[in-house]
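Contents: one structure, followed by commentary.
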Amino acid sequence: MKTIRHFVVLASIIFAALPSYAQEAAPKSTVFSVGLLPFSETDDTKDLGASASELVAAQLGMSGNLVLIERAQLDAVLSEQGMGLTGTVDPQSAATLGKLTGAQILVTGRVFKAGKNTYCIAKAISTTTGRSLPAQTQIKGDDWLNASTVLANTLDDSIAKNAADMAPRLETPEERIERLKKLVAGKTLPKVFIRIPEEHLSRIIPDPAVQTEIEYTLQRIGVTLVTDETQADIVVTGEALSERAIQLGTLVSCRARCELTLTRKSAPGAKQVNRITTGAVDIAENTAAKQALQNAGAKLADWVVAELVK
């Protein structure tokens, strides 16, 4: 079971690091990786938050659609980043936690009293779309088991019914190329010169991945690439860098940053600029860095193509 969980977590981290293109609905059989945070509590429900989250975790763990990330794994990643676990997470911080932990969905909750009654509310937040699904239940007496079962089943059912909104499928590389081909169809394409040097941890990288990815994309859609800047109708220059982010077991994650400037021979003195930050995970640091840079190049290539047809 632990091997399966680790595999799903790895797949989720890689999924989160891939470039985001057009999306379509996830299949109903999607298995989600879930990070469950300790539930917050009030003064009059002290120590009940941790118990509630543990019971809900146990119930969610029996779902066929959800695989829970180990709590120790969540703690390790967040501690390394100087972030504390909390019962309150907004969509923006959920996206950050998703990238750090590999969770596609975060479950947060709160235990509180209203009058003489004790309630437990929870929320499943997609780390990719920001969509949230609420659930709530009342704890009758000391029947925490029934309350946690109701809460977990509600969350499980809601996630399954809203799978398309919780984790859309990414566009494949081939689908992306076909989309870009349609964008430039029937248009006269300019000659393009590209120079984007890059570094990893202050080391110059001999074969720039960002430049290669952009050139590869343009080549696939029929753009003429030139090696002499004076022969180009459009010049794309910039710089890129990558660095090690965190290590999760045997996996290493790297972040990449790329900044581009695009100028046109037909408009001397004018320029367009863009920048992006991406990430990737692999068992080797150099490969993770290259993949992060490639992801940046793939996203920026879409922008370059859009500029070509203006």
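No lab work stands behind these numbers, since they all come straight from the coordinates. All values derive from a computational prediction rather than experimental measurement. Backbone-built Cβ (ideal geometry, glycine too); neighbour counts: all protein chains shown.
Compute the projected area of the convex hull of the Cα atoms of region 172-308, averaged over all viewing directions, and report it in nm² to one decimal place. Could the numbers behind the result be given before it?
Values: hull surface 34.3 nm².
Quarter of the Cα hull surface area: 8.6 nm².
Give me the percent relative contact order of region 172-308, please, defined on Cα pairs under 8 angstrom at least 6 residues apart. Present the calculation step by step, with values, prior to reporting the outcome.
Details: 278 pairs, mean separation 34.2, N = 137.
Relative contact order comes out at 25 percent.
Where a Cα-Cα gap under 28 Å defines reach, which lysines qualify for Lys191, not counting those fewer than 8 residues away within the same chain?
Straight-distance partners of Lys191: Lys181, Lys182, Lys265, Lys271, Lys290, Lys299, Lys310.
Spelling out what I want: for every residue of region 94-101, take phi, set θ = phi - 60°, compute 6.51 cos²θ - 1.76 cosθ + 1.60 (Karplus), and round to whole Hz; glycine and proline get x.
5, 5, 5, 5, x, 5, 6, 10
So between Lys140 and Ser266, what do we pick up on full extension, going 0.36 nm a residue minus the alpha carbon distance?
Details: separation 126, 0.36 × 126 = 45.36 nm, distance 7.37 nm.
Using 0.36 nm per residue and subtracting the Cα-Cα distance, I get 38.0 nm.
With a Förster radius of 30 Å, plug the Cβ-Cβ distance of Lys46 and Asn153 into 1/(1 + (r/R0)^6) and report the FRET value to the nearest 0.05. Walk me through the numbers before you get to the answer.
Details: r = 27 Å, r/R0 = 0.89.
The pair Lys46/Asn153 has a calculated efficiency of 0.65.
Spelling out what I want: for every residue of region 171-185, take phi, set θ = phi - 60°, compute 6.51 cos²θ - 1.76 cosθ + 1.60 (Karplus), and round to whole Hz; glycine and proline get x.
5, 6, x, 5, 4, 5, 4, 4, 5, 5, 4, 5, 5, 9, 4
Mind giving me the FRET efficiency for Val309 and Asp207? R0 is 30 Å, r the Cβ-Cβ distance, nearest 0.05 is fine. Walk me through the numbers on the way to the answer.
Numbers: r = 28 Å, r/R0 = 0.95.
That gives a FRET efficiency of 0.60.
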